[in-house]
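The values are calculated or read from the model by the stated rules, or taken from the named source; none is laboratory data. For clarity, every value in this text was computed on a predicted model and none was experimentally measured. All Cβ positions, glycine included, derive from the backbone under ideal geometry; neighbour counts span all protein chains shown. Ligands, DNA and RNA are stripped out before the accessible areas are found, and what is left, the full protein with its side chains, is counted by its heavy atoms. Shrake-Rupley method; radii C 1.70, N 1.55, O 1.52, S 1.80 Å.
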Amino acid sequence: MCNQAADPEILLAWYDIHARDLPWRVPPGADLRADPYAVWLSEVMLQQTTVAAVRKYFLDFTDRWPTVSDLAAADDDAVMAAWAGLGYYARARNLLKCARVVARDLDGRFPDTEAGLRDLPGIGPYTAAAIAAIAFERPATVLDGNVERVMARIHAVEAPLPGAKETLRGLAAALTPAARPGDYAQAVMDLGATICTPRNPACGICPWRQPCRARDLGIAETLPRKTPKAAKPVRRGIVYFAQRSDGAVLLERRPDKGLLGGMLGLPGGPWAEGEIVAAPPLEADWQITAGAVRHTFTHFHLILDVAMAPVDEGIEALTGRFFTPEEAGPDDLPTVMRKAYQFAAGQHRPSKVPKTDIA
DNA sequence: GATCCGTGGAT
DNA sequence: TATCCAAGGAT
């Protein structure tokens, strides 16, 4: 009943042995300074995104753009294409903005304080604290989904998120040590990712099992509680796949704001509940496959009709321009557009279309 | 504070 | 199949 308080040093000792091997991470005890650029890039990529998904993007980015100044000098289109498939595309736009501020105004060096970092595009409270702690050894309080879950459990906080967030932040701050704050931040997140998982937490091997109040109460797996989310509505839309005999396909750059902002996509109309209304981008013999692509975004389901037509070379479109496969292909598009592109192209090569992508 | 913004894996 | 969820930020 009288639990001892959770001890950061016990967690650090666990981390010294069990730290995950991640490409952007300096292992504990290596006595090396983490590269702020690598920390920043990885943390932005990891926002609401799994380690498994980030890994190859991080390696690709650091291979092509080894420093923040290299990234700042990159073409927007190249960066957006490299980000394609990772999601939350505002991150890529802000990544470039941030890199250019750092390269141009800060001599290529990231600010070494939480407040200084927080002022940069795409860096919010979490990312500022993470970079300050991991790259600059500042005792910043890192509060992400992992830390929220671990704090809610060891303190048995039953109030639901997001309302309980500031309570959890206070508990996390009280526990943050002055020594090894970077390792500590990564240790709590590793713990949440590998032991104190949302479902089936491995309490039996948890270094903090002794002080964990939720474990005592038998409610660890039920925490943190969350207020229910609204159901996703179904929206419908259409995209137009116009292809020339040389293989070039009509694509358009989407506006910076809004869904899939700044990314290339197939032209089409707005996506909405109810009837589909969208004029084709050019006159052609359109063949429509209804409901060809289904895709679920954060807050709605999409059923997308795909219209296809062969067109003559030299034809002019009302929007966008024709891209040869060498200029831009499905891999350069956000996933829903990649599905539509591959569906249409796959009418000639069915093996290219994954079965699960098609209604 | 509420809403918008992607994706893929696990269950 | 449906739902949840992940190292969140901007508005």
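Okay, residues lined up against (1) more than 16 Å from DNA strand C (Cβ to nearest atom); (2) among the β-branched types (Val, Ile, Thr); (3) farther than 25 Å from A:PRO162 by Cα; (4) out of contact with any Gly (no Cβ under 7 Å at 6 or more places or on another chain):
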| residue | (1), (2), (3), (4) |
| --- | --- |
| A:CYS212 | yes, no, no, yes |
| A:PRO228 | no, no, no, yes |
| A:TYR240 | yes, no, yes, no |
| A:GLY265 | yes, no, yes, yes |
| A:ASP285 | yes, no, yes, yes |
| A:THR289 | yes, yes, yes, yes |
| A:PRO310 | yes, no, yes, yes |
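Filtered by the rule that a residue be open to solvent by 40 Å² or more (accessible area, probe 1.4 Å) and assigned to a helix (DSSP H, G or I), the stretch A:54-85 gives A:ARG55, A:LYS56, A:LEU59, A:ASP60, A:ASP63, A:ARG64, A:SER69, A:ASP70, A:ASP76, A:ASP77. The one condition from (1) charged (D, E, K, R); (2) closer than 22 Å to A:GLY29 by Cβ; (3) open to solvent by 20 Å² or more (accessible area, probe 1.4 Å) that A:GLU158 does not meet is (2).
Check the stretch A:63-80 and report whether any residue there is within 16 Å of DNA strand C (Cβ to nearest atom), of a type in the set (S, T, N, Q) and on the phi < 0 side of the Ramachandran plot. Scanning the stretch A:63-80, I find no residue that is within 16 Å of DNA strand C (Cβ to nearest atom), of a type in the set (S, T, N, Q) and on the phi < 0 side of the Ramachandran plot, so the answer is no. Of the residues making up the stretch A:196-208, one or more are in the same structural domain as A:THR141 (by TED's automatic domain parsing), assigned to a loop (DSSP other than H, G, I, E, B), open to solvent by 20 Å² or more (accessible area, probe 1.4 Å) and more than 15 Å from DNA strand C (Cβ to nearest atom).
Selection of first residues in the stretch A:28-40 that are more than 20 Å from A:HIS18 (Cβ to Cβ) and of second residues that are among the β-branched types (Val, Ile, Thr) and in a helix (DSSP H, G or I), restricted to Cβ pairs under 7 Å at least 6 apart or on distinct chains, gives the following pairs, ordered by first then second residue: A:PRO36/A:ILE131; A:TYR37/A:VAL68; A:ALA38/A:THR62; A:VAL39/A:ILE131; A:VAL39/A:ILE134; A:TRP40/A:ILE131.
Do we find a residue being under 18 Å from the mean Cα position of the chain (by Cα), charged (D, E, K, R) and surrounded by fewer than 16 Cβ atoms within 10 Å (Cβ to Cβ) anywhere in the stretch A:86-101? Looking through the stretch A:86-101, at least one residue is under 18 Å from the mean Cα position of the chain (by Cα), charged (D, E, K, R) and surrounded by fewer than 16 Cβ atoms within 10 Å (Cβ to Cβ). Scanning the stretch A:127-154 for residues that are surrounded by fewer than 19 Cβ atoms within 10 Å (Cβ to Cβ) and within 27 Å of A:LYS226 (Cβ to Cβ) turns up just one, A:GLY145.
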